[in-house]
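The values are calculated or read from the model by the stated rules, or taken from the named source; none is laboratory data. Only a predicted model underlies this, so the values are computations on that prediction, with no experimental measurement involved. Here Cβ is always computed from backbone atoms with ideal geometry, including for glycine, and neighbour counts include all displayed protein chains. Just the protein is used for accessible areas: all its heavy atoms, side chains included, with ligands, DNA and RNA removed. Shrake-Rupley method; radii C 1.70, N 1.55, O 1.52, S 1.80 Å.
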Protein chains: 2
Amino acid sequence: MAVDPEHVLRAAAALLTRKSTATMDEVAKAAGISRATLHRHFAGRDALVRALEALGIAECEAALDEARLDEGSASDAVRRLVGAIEPAAGLLAFLYTENQLFEGEEQNAGWATIDDRISALFRRGQLGGEFRVDLTPAWLTEALYGLMASGAWLVHSGKGAPKDFQHMIVELLLGGALRREES
Amino acid sequence: MAVDPEHVLRAAAALLTRKSTATMDEVAKAAGISRATLHRHFAGRDALVRALEALGIAECEAALDEARLDEGSASDAVRRLVGAIEPAAGLLAFLYTENQLFEGEEQNAGWATIDDRISALFRRGQLGGEFRVDLTPAWLTEALYGLMASGAWLVHSGKGAPKDFQHMIVELLLGGALRREES
DNA sequence: CCTGGATGAGACATCCGTGTCTCATATGGG
DNA sequence: CCCATATGAGACACGGATGTCTCATCCAGG
């Protein structure tokens, strides 16, 4: 019988990614459990969202580890990062819009850590002469988030193929829209 | 006494941009009117959001007109567009996250028109050999939205200066993060 | 077989936001 | 000056979502 909290979180994430205003009852149904049991594991919607936030942070950290940001060229590291983070893009897009989390003062410190790791990657690319220096690492990081949200939206709306997700984002982020003669 | 609906909408947009879950009562207070009067002008939260959506669309259309997308190089047109749309970026970011509007089937057709106009700009740039052709106009359009949302967020959070808004977005969108030898 | 823990179903009270109403007040034009 | 109109303040009921509780059921382990 024992309900798997992980499975519940996955189901909740999948549902809330599509319908961010879903009821606790809908979340319970989506997870295949009753509302009572859902409330036994996550005391209220707030706790559920916090748990989802922790899950999203954990998946981001895992993607950051998997991408081995310190190895090889910064460009390749960005490419690996986007590829590794793609499965979590839907959840991240949900959390991104759940700005309730960022309006209060009790925002999870995990995001700052992630920001720092990604910013460090862009900084490494700048110091290595790979990336241009007139765009700040903070902006490049934020832009990466925005592009991933846009990419997730494009795929979700059916206007783009999931297999193009990584290519679209990385090519635009690194190469830009302008056509080049060389390279 | 006559309340200016335009002013109410501006105040509502400013508040909802910061706190998307604001109550009708909070919106009324922000606009300096009573909740009763607010409800006399906009019959319910839904109507208010629709009015904001219409305002956002109108501002987008105005920015599109002002940017004269058909004139000069596509790159310069993009640059003008971002500059012209900047004042509305906060409102657009709010509407962007108000995905409630897009979950139903009754989404405002105005967005499609705007999408088409921007897509046409990118397509013009591709046909003219100015933009690369391996990124679809639909993706470039969506990416522009995402970058504007990220830029608005960066400015709002104090991590970036408003004066850099246009430069950050246009440079990244067109030029990408990679450092170039020429140009 | 039996017992304890976990779950499902449902009832119930509560809170919050909303929509609606009334009444007093103030403003501006005739 | 008088009256129509708009506004502000507040009361009131409604609905939806939530939190909490009880009880029956089911399954696993002893």
task: Shortest first and in nm with one decimal, please list how far the residue B:120 label point sits from its counterparts in the other copies (point 7 Å along Cα→Cβ).
output: 4.9
query: Per 5 Å bin from zero, what fraction in whole % of the C-alpha pairs of the range B:57-175 is there, up to the bin with the longest pair?
result: 2, 11, 21, 26, 19, 13, 7, 1
task: Would you mind giving the mean number of other chain beta-carbons within 10 Å of the Cβ of each residue in B:145-152, as a whole number?
output: 6
- request: Take every Cα pair under 8 Å in the range A:7-80 that's 6+ residues apart, average their separations, divide by the length, and report that relative contact order as a whole percent.
  value: 21 percent
field: Helical contribution to [θ] at 222 nm, DSSP H n ≥ 4, -39,500 (n - 2.57), averaged over chain B, rounded to 500
entry: -21000 deg cm²/dmol
task: Mind pulling the angle between the C-alpha long axis of helix A:5-18 and the longest principal axis of chain A? Nearest 10 degrees, somewhere in 0 to 90.
output: 70 degrees
- line: Mean 1/r over distinct Cα pairs of the range B:1-43, inverted to a Kirkwood Rh in Å, yields 10.1 Å
- prompt: What net charge do the residues around residue B:138 carry, taking every other residue with its C-beta under 12 Å from that of residue B:138, with Lys and Arg at +1 and Asp and Glu at -1?
  reply: -2
- request: Just reorder A:122, B:42 by solvent-accessible area, largest first, 1.4 Å probe, all chains present.
  value: B:42, A:122
Separation between Cα centres of the range B:50-74 and the range A:108-183, rounded to whole Å: 26 Å
message: Tell me the angle of helix A:109-127 to the major Cα principal axis of chain A, expressed in degrees between 0 and 90 and rounded to the nearest ten.
response: 10 degrees
message: Just checking the output field for B:128-136: average partner chain Cβ neighbours within 10 Å of each residue's Cβ?
response: 4
statement: Ranking B:67, B:169, B:93 by how far each Cα lies towards the positive end of the charge dipole of the range B:57-175 (+1 on Lys and Arg Cβ, -1 on Asp and Glu Cβ), the top one is B:169
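Could you compute the FRET efficiency for residue A:10 and residue A:35, with r as their C-beta to C-beta distance and R0 at 25 Å, rounded to 0.05?
For residue A:10 and residue A:35, the calculated efficiency is 0.90.
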- prompt: How many nanometers, to one decimal and shortest first, lie between the label point of residue A:61 and those of its other copies, if labels sit 7 Å from Cα toward Cβ?
  reply: 5.0
- request: Measure of size requested: the Rg and Dmax of the protein assembly as shown, with Cα atoms as the atom set and Å as the unit; please supply both.
  value: 21.3, 67
statement: At q = 0.10, 0.18, 0.22 1/Å the base-10 log of I(q)/I(0) from the Debye formula over the alpha-carbon atoms of the range B:1-136 is -0.41, -0.99, -1.27
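What does the net charge come to around residue B:11 if you take all other residues with beta carbon closer than 13 Å to its beta carbon, with K and R at +1 and D and E at -1?
Charge balance in the 13 Å sphere: +1.
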